[in-house]
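The values are calculated or read from the model by the stated rules, or taken from the named source; none is laboratory data. Note that the coordinates shown come from a computational prediction; the quantities given were computed from them, not determined experimentally. Here the Cβ positions follow ideal geometry from the backbone for every residue, glycine too, while neighbour counts run over all protein chains shown. These area figures cover heavy atoms from the full protein model, side chains too; ligands, DNA and RNA do not enter into them. Shrake-Rupley method; radii C 1.70, N 1.55, O 1.52, S 1.80 Å.
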There are 2 protein chains.
Amino acid sequence: MSNTNPDDKQLAEMFKALGNPHRLLIFQRLSNCCLPGTRCDLEQTMRFSVGQLGEGMEIAPSTLSHHLKELHRSGLIEMSRQGKRVDCWIDPAVLNRLAGFFYNPIENRLRGDRDVG
Amino acid sequence: MSNTNPDDKQLAEMFKALGNPHRLLIFQRLSNCCLPGTRCDLEQTMRFSVGQLGEGMEIAPSTLSHHLKELHRSGLIEMSRQGKRVDCWIDPAVLNRLAGFFYNPIENRLRGDRDVG
DNA sequence: ATTAGTATTCGACATATTTCGAACTTTAGA
DNA sequence: TCTAAAGTTCGAAATATGTCGAATACTAAT
């Protein structure tokens, strides 16, 4: 498109990445701490290895790898080899950026009144 | 997938809808008020007709219609015929829900310290 | 009733996405 | 060095998506 700046382009890429149920689940695993069964450490972002992220999802390793690549390419997650494994995590700035997209400060006075489940 | 609840399913649908640059632009037009050239009314959500939303985007009417249908099916926008036109708008609750998804209250103490562009 | 404006539906086509298995790479340990 | 563990890359197949034009539907005005 002509009227799409690079910023919006990346945003669309991120949303596209989150638009797949498998990838959304992966993203949630990385962003939600303090859930049953997980340890929550406020001093550190949540890190999971590729293998851990795929647990319970019945997809082939190659498919999992593909999805993580998409998440990374869109800018949603970071990855780095740690010995035999590859660790994944979310840069908190990404969460802020995305939350900010939906949080319209102008409309907020109105929206504050209505509760949302 | 087995471990995807209906809530997450709809969330994924919404993100998928926003993952297309044309649809993202439409969504932004509906969610951003107080931009140059627009009137901002805090007492009312922004409404645009289908035709207005398509202005400047070089896509066929049928394509525009298709995109709006996707946005509506995913739950992102509301639509209602108003005479000859069809008006579109965003339920503010939707914005809250989506912002809330990225806004992890537990991690917020941390994230609050780092500024994000 | 006809017409013009606004938007949707349908069918078709090109492209993109999801997924897998097989083969490969990288690392740690025996 | 050989092996096992953990991921990735590649190629192929099935499915989904984005796009258009032509035909259709709905509304307001003549």
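Scanning region B:12-49 for residues that are more than 10 Å from chain A (Cβ to nearest Cβ), open to solvent by 60 Å² or more (accessible area, probe 1.4 Å) and modelled with pLDDT of 80 or more yields B:ARG29, B:ARG47.
Cβ separations smaller than 6 Å between residues 6+ apart or across chains give the following pairs from region A:80-102 residues that are without any contact (Cβ under 8 Å) to a residue 24 or more places away in the chain and within 16 Å of DNA strand D (Cβ to nearest atom) to residues that are in a strand (DSSP E or B) and not hydrophobic (A, V, I, L, M, F, W, C): A:SER80/A:ASP87.
Name the residues in region A:50-63 that are among the aliphatic types (A, V, I, L, M) and either crowded, with 19+ Cβ neighbours inside 10 Å or outside any helix (DSSP H, G or I) (or both), would you?
A:LEU53, A:MET57, A:ILE59, A:ALA60
When region B:64-105 is filtered for residues that are part of a helix (DSSP H, G or I) and open to solvent by 50 Å² or more (accessible area, probe 1.4 Å), the ones remaining, listed by number, are B:SER65, B:HIS66, B:LYS69, B:HIS72, B:ARG73, B:ARG97, B:PRO105.
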